[in-house]
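Data block below; observations after.
The values are calculated or read from the model by the stated rules, or taken from the named source; none is laboratory data. Everything numeric in this text was worked out from a predicted model, so none of it was measured. Backbone-built Cβ (ideal geometry, glycine too); neighbour counts: all protein chains shown.
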Amino acid sequence: MANINTESRIKIFSTKTGVNVVQSPIKAQILSILKEGGMSGSQIVSSTKRSKSTISAHLQDLEDAGIIDWVIDPEDRRRKIYYINSKFLGDLSSTKEIENDMNDLLEEYVVQSEDPFNFFRFMFRAIRVALLDEGINIDPILHNAGVKVGKTFYKKLKGQDVNELTRNIAVFWEANKLGNIQIKSMNPIIIQAYDCFECEDLPQLGRPACAFDSGLLEGVFSNYYGQEVEAEETKCYAQGDDFCQFVIKPLKSKE
């Protein structure tokens, strides 16, 4: 498995004017910092350890491309607070993230399958592995799709309280062969998934890989709480764990 610096990847964003590709490592570093929330120019300079002129030029480029925007700092009106104003779609790398033989994957999970559900389940995985094999990461797209599905299915899953909601999620997961859900904690909400549909048979990536599942949970719980939440995946089959685990918590402010 290759150890890839995420800031060295080519990043792809969807802006109001179309798709924009970021190839500059410095711009990628700035965007990685802004992903955690809005920051001033001086804070970005300090975090990147680059000169003020270099960061100013890259910030202007990102602003012109529609990837970031800014607001006036309410505590100091002479200062701008920059934030990401676009949707992250994925990234590309010239380095392969996996070393799997695609033919072995197809033989083991697709050709030998006699269950139509399993066939399509593994075909989905085969497509994802093929993209990873080419250095293409589509996790952000899968995550966004999961959020939309979660918000749509919330009407079917909602209950009178959060305990009933989590029980309904567990039933939904098992009924649709997504895996087996266990609720580890209610404060904070910690959900463990066994036999995970999305990642159980993926190659070892050394990182969490359940982008769709985390998005689905975010969509469901965001609707329940009436505010955006994060489903942070802290354990995953794809990083060598025995189950996948999601911690539900309020989303950090971007500004």
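Rundown of residues vs (1) modelled with pLDDT under 90; (2) of a type in the set (V, I, T); (3) surrounded by fewer than 18 Cβ atoms within 10 Å (Cβ to Cβ); (4) within 26 Å of L89 (Cβ to Cβ), yes/no style:
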site	(1), (2), (3), (4)
K151	no, no, yes, yes
V162	no, yes, yes, no
A175	yes, no, yes, no
I191	no, yes, no, no
C210	no, no, no, yes
L217	no, no, no, yes
E233	no, no, no, yes
How many residues, within the range 25-41, are under 16 Å from Y82 (Cβ atoms) and touching a helix residue (DSSP H, G or I) at 6+ places or on another chain (Cβ under 8 Å)? 11
Considering the range 131-145 alone, what residues qualify as being within 23 Å of N176 (Cβ to Cβ) and under 10 Å from the mean Cα position of the chain (by Cα)? I138, D139, I141, L142, H143, N144
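Table: residues versus (1) out of contact with any Ser or Thr (no Cβ under 9 Å at 6 or more places or on another chain); (2) of a type in the set (F, W, Y); (3) under 28 Å from R78 (Cβ atoms).
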residue	(1), (2), (3)
I12	yes, no, no
T17	yes, no, no
K35	yes, no, yes
G41	no, no, yes
R50	yes, no, yes
